Protein chains: 4
Amino acid sequence: MKVTFEELKFFLEEQFPQGAAYGALEALGEGWAEMTLAVEDDHLRPGGTVSGPAMMALADVTMYAALLSRIGLVPLAVTTNLNINFLRKPVAHAPIRARATLLKVGRTMGVGEVFVYSDGMEDPVAHSTMTYSIPPEKYQN
Amino acid sequence: MKVTFEELKFFLEEQFPQGAAYGALEALGEGWAEMTLAVEDDHLRPGGTVSGPAMMALADVTMYAALLSRIGLVPLAVTTNLNINFLRKPVAHAPIRARATLLKVGRTMGVGEVFVYSDGMEDPVAHSTMTYSIPPEKYQN
Amino acid sequence: MKVTFEELKFFLEEQFPQGAAYGALEALGEGWAEMTLAVEDDHLRPGGTVSGPAMMALADVTMYAALLSRIGLVPLAVTTNLNINFLRKPVAHAPIRARATLLKVGRTMGVGEVFVYSDGMEDPVAHSTMTYSIPPEKYQN
Amino acid sequence: MKVTFEELKFFLEEQFPQGAAYGALEALGEGWAEMTLAVEDDHLRPGGTVSGPAMMALADVTMYAALLSRIGLVPLAVTTNLNINFLRKPVAHAPIRARATLLKVGRTMGVGEVFVYSDGMEDPVAHSTMTYSIPPEKYQN
């Protein structure tokens with residue numbers, strides 16, 4: 001890996017001023033990452049369930065973590081496309097967790113998929129695919 | 001319209017406990033809606049620009065508003081699919097605004113597209129398409 | 001399963017007048033299917049590689065086969081959303097194969113993902129997610 | 001424009017060996033294009049309507065035409081992401097037409113949206129967004 005678990009955890013906390021609002025890094029490997037989000041009132045939507053944007057935000061940052069495992073600490077890698085299907089209603093107030101896996105890392109872009117789970121349910125609550133753009137000058141393969 | 005501007009504005013503020021964190025309704029018509037978000041530190045990402053999740057959240061709620069203009073105040077209409085392309089870097093700290101237009105409203109689902117703009121730029125910063133699922137018992141055409 | 005491999009193979013050939021132009025069913029299980037497409041001149045694009053539409057068509061019909069394994073022979077199930085990422089250039093003139101897996105089957109819709117491979121390459125050439133709408137009267141769970 | 005209507009029409013017919021199977025260029029402007037497809041038996045799906053893949057193929061090539069209006073005749077520009085929502089059942093056997101508009105053209109990618117119409121219906125039958133990758137050496141802005 002281009003970065004250790006500890007280095008990435010520190011980097012994410014430092015880069016995102018809102019910190020834990022985006023979730024906590026739980027595990028990291030070559031081309032994959034897992035993060036969790038402790039659901040708070042800010043993450044709820046009408047009906048009392050976890051909001052779509054809370055799941056999208058967790059999916060997005062988990063994919064970012066997976067990408068950095070392959071390209072190193074590149075702050076300016078940015079999402080260019082995100083597609084998400086919401087599959088099931090999450091358990092109210094239960095933490096959600098995401099697992100991102102890269103499908104491809106090229107010179108200028110990385111593509112991956114993310115499954116989002118709700119604690120206490122076996123089946124995924126959402127599935128997302130994403131493309132990140134990698135700034136050319138920052139890529140060091 | 002199935003709902004007035006004032007009714008919908010009150011409904012959104014009441015339904016979303018986080019209130020203004022999701023944006024403010026600016027205009028509403030038959031099958032379309034406009035909302036703005038005053039960008040705060042919580043909405044920034046590494047590099048100081050408006051985060052993708054902040055744009056997705058605004059796009060999502062603006063599409064919800066556009067849908068409710070056609071089906072009335074249905075709290076349990078939920079996003080089932082969202083696709084977004086991030087086109088340009090928004091102006092740092094400037095408000096963002098979204099305009100959602102319905103492409104179709106059927107018996108069980110509504111589909112629409114949303115353009116997101118950054119104050120001070122002419123071209124859109126993001127474009128999203130979305131599908132909302134409409135709970136059958138709540139549809140009153 | 002709601003249908004056997006032989007029943008589904010016969011159904012697909014009967015339903016699609018263009019027959020093998022859409023690919024051949026290779027394997028079928030509870031919630032998944034595999035199909036192959038023998039690439040011909042009609043499936044090529046500028047540059048001599050397999051066209052995007054040929055891969056989309058194969059992904060689409062393979063997802064349809066996976067869905068029918070769960071809901072039975074429903075001709076009027078139709079795609080409502082398809083998202084596809086093209087990951088790598090397929091081998092020229094080599095057959096392509098797709099594997100579809102359902103992520104969810106509800107009362108009115110099914111969601112799944114499809115990986116597309118090119119014979120002679122290990123990594124996938126494309127990845128797609130899809131939503132099918134299931135006509136209410138035809139669903140027999 | 002980087003290319004005239006006649007140049008592009010000739011280029012498309014020359015590049016795609018299957019020719020008219022992909023549709024005919026009808027109109028071209030700076031950042032947009034319109035194409036039509038005469039629907040034949042090959043383009044039908046179970047139920048007798050125009051197949052999803054036929055609409056996707058027309059959307060894809062129309063977006064390609066719109067992109068070439070801005071970057072010139074670049075054969076190796078390829079689709080990297082396509083998202084499509086199928087909105088309404090097309091008229092059986094009627095021609096379909098697509099109008100593609102660019103949302104952004106950058107150094108390495110172009111993003112656009114495409115509306116697909118069925119002759120005899122006012123509302124669109126499908127809406128697609130797409131990203132094309134532009135080979136670096138070929139870009140001449």
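The values are calculated or read from the model by the stated rules, or taken from the named source; none is laboratory data. Being a predicted model, the structure only gives us computed values, none of them experimental. Using ideal geometry, Cβ is built from the backbone for each residue, glycine included, and neighbour counts are taken over all protein chains shown. Please note that ligands, DNA and RNA were not included when accessible areas were found on the heavy atoms of the full protein model with its side chains. Shrake-Rupley method; radii C 1.70, N 1.55, O 1.52, S 1.80 Å.
What angle, in degrees between 0 and 90 and rounded to the nearest 10, separates the Cα long axis of helix D:52-71 from the longest principal axis of the Cα atoms of chain D? Approximately 20 degrees, to the nearest 10. About its Cα centre, the dipole of the range D:5-139 is roughly 480 debye, where the only charges are +1 on Lys and Arg Cβ and -1 on Asp and Glu Cβ.
Residues in the protein assembly as shown average 38 Å² of solvent-accessible surface per residue, probe 1.4 Å, ligands and nucleic acids excluded. Model label points for C:Asp41 and B:Lys2, set 7 angstrom from Cα along the Cα-to-Cβ axis, are 5.3 nm apart.
Taken along its three principal axes, the alpha carbon spread of chain A comes to 46, 26, 22 Å, from the longest extent down to the shortest. When restricted to Cα atoms, the protein assembly as shown yields an Rg and a Dmax of 22.5, 61 Å, respectively. Nearest 100 Å², what total accessible surface is buried between chain D and chain C (probe 1.4 Å)? Separately minus together, D and C give about 2300 Å² buried. With all protein chains in place and a 1.4 Å probe, the accessible surface of chain D carries 51 percent carbon and sulfur. Label-point spacing at B:Asp123 relative to the other copies reads 2.9, 3.2, 4.2 nm, in ascending order, each point sitting 7 Å out from Cα along Cα→Cβ.
Here is how far apart the D:Arg88 label points are across copies: 3.2, 3.7, 4.3 nm, shortest first, using a point 7 Å from Cα toward Cβ. Compared with the dominant Cα axis of chain C, that is its longest principal axis, helix C:5-15 is turned about 80°.
Shown for D:Asp42: label points 7 Å from Cα along the beta-carbon vector, and their distances to the equivalent points in the other copies, 0.5, 5.5, 5.5 nm in ascending order.
Applying a threshold of 29 Å to the alpha-carbon distances of B:Lys89/D:Lys9; A:Lys104/D:Lys104; B:Lys2/D:Lys104; B:Lys9/C:Lys104; A:Lys9/B:Lys89; B:Lys104/C:Lys104 flags B:Lys89/D:Lys9; B:Lys2/D:Lys104; B:Lys9/C:Lys104 as lying beyond it. Report which residues of the range C:76-90 become buried by 50 Å² or more of accessible surface when going from the isolated chain to the complete set of protein chains (1.4 Å probe; DNA, RNA and ligands ignored). Buried-area filter returns C:Thr80, C:Asn81, C:Leu82, C:Asn83, C:Asn85, C:Phe86, C:Leu87. Think of the range A:8-137 as a dipole: +1 on every Lys or Arg Cβ, -1 on every Asp or Glu Cβ, centred on the Cα centre; then among A:Val125, A:Asn81, A:Gly29, A:Asn81 lies furthest on the positive end. Interface burial in the range C:98-115 reaches 40 Å² or more for C:Leu103, C:Lys104, C:Met109, comparing the full protein assembly with the chain by itself; accessible area from heavy atoms with a 1.4 Å probe.
Computed from the C-beta positions of A:Ala27 and D:His93 and an R0 of 45 Å, the FRET efficiency is 0.25 to the nearest 0.05.
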